[in-house]
Amino acid sequence: KKLAEQSDESDALDQALREFHQLKSPSLIQGRNVMAGYVRGWGLQFNVIRSFVRQDPIYRESLKLVEEIHLTHEVSLMNIFLIMKYGLPDSCGDIIEFGSYRGGSAIFMANVAKRLGMTGTVYALDTFAGLPAADPVLDFLTTNDFKNTSFESFSERISKLGLPNLVPIKGTFQETTSNLLK
């Protein structure tokens, strides 16, 4: 009986999330579904939907792939997952990650996209050699940060995981973004 109640609650939450993400007006502001963002944000912050997300097999599989390499807080990965599952289900566009380091978030997104049947590509942009020159007055991080990564090891990991929808692009954003957006 308790299992049936949990299943009913999960089905209800799944339906509610779908409906919130399909709201068009007045919650759409400059292409952004503000209501869905509030629901995700508050639901994750106050633990209302964390257990729901943790039960999802696609989320669990994707998280397991990056447990040792991602830097992002798990709640942020949950939010990305919810956006991809409910906010982009009909989207066949590409996803660009600016600053991939070892690729944890990019691998997570590529696996989620693959499992959800999305047809777009996840592009992971990074120097894969640490941060480029930083301004100590403006930048929190320094030029020596994030050097312990490599384009080759990231590319090998992508191949080993079987993620043809994930493309790493090496270089600074200024060098790589304009060609990608053409």
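Numbers at a glance
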| item | result |
| --- | --- |
| Hits in segment 148-159 (condition: open to solvent by 40 Å² or more (accessible area, probe 1.4 Å) and part of a loop (DSSP other than H, G, I, E, B)) | N148 |
| Flag if K24 is at pLDDT below 80 and under 24 Å from the mean Cα position of the chain (by Cα) | yes |
| Qualifying residue in segment 40-57 (condition: in contact with a Gly (Cβ under 8 Å, 6 or more places away or on another chain), open to solvent by less than 20 Å² (accessible area, probe 1.4 Å) and within 30 Å of P132 (Cβ to Cβ)) | no |
| Scope segment 59-88; condition more than 20 Å from G162 (Cα to Cα), touching a helix residue (DSSP H, G or I) at 6+ places or on another chain (Cβ under 7 Å) and either open to solvent by less than 30 Å² (accessible area, probe 1.4 Å) or assigned to a loop (DSSP other than H, G, I, E, B) (or both); matching residues | L71, T72, L77, M78, L82, Y86 |
| Filter result for G117 (farther than 21 Å from R40 by Cα and open to solvent by less than 40 Å² (accessible area, probe 1.4 Å)) | no |
| Restricting segment 134-147 to residues that are within 27 Å of L63 (Cα to Cα) and free of Cβ contacts under 8 Å to residues at least 40 places away in the same chain, the residue that is least open to solvent (accessible area, probe 1.4 Å) | D145 |
| Test: residue in segment 122-129 that is among the polar types (S, T, N, Q), surrounded by 15 or more Cβ atoms within 10 Å (Cβ to Cβ) and under 30 Å from N47 (Cα atoms) | no |
| Test result for G104, at pLDDT below 85 and open to solvent by less than 50 Å² (accessible area, probe 1.4 Å) | no |
| In segment 42-58, the residues that are more than 22 Å from L161 (Cα to Cα) and without any contact (Cβ under 8 Å) to a residue 40 or more places away in the chain | W42, G43, L44, Q45, F46, N47, V48, I49, R50, S51, V53 |
| Of all residues making up segment 160-182, the number that are part of a helix (DSSP H, G or I) and open to solvent by 90 Å² or more (accessible area, probe 1.4 Å) | 4 |
| Failed item in (1) under 29 Å from E19 (Cβ atoms); (2) touching a residue at least 60 places away in the same chain (Cβ under 8 Å), with L88 passing the rest | (2) |
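The values are calculated or read from the model by the stated rules, or taken from the named source; none is laboratory data. Computed from a predicted structure; not experimentally measured. Note that we place each Cβ from the backbone using ideal geometry, even for glycine, and neighbour counts take in every protein chain shown. The accessibility values were calculated without ligands, DNA or RNA, using every heavy atom of the protein model including side chains. Shrake-Rupley method; radii C 1.70, N 1.55, O 1.52, S 1.80 Å.
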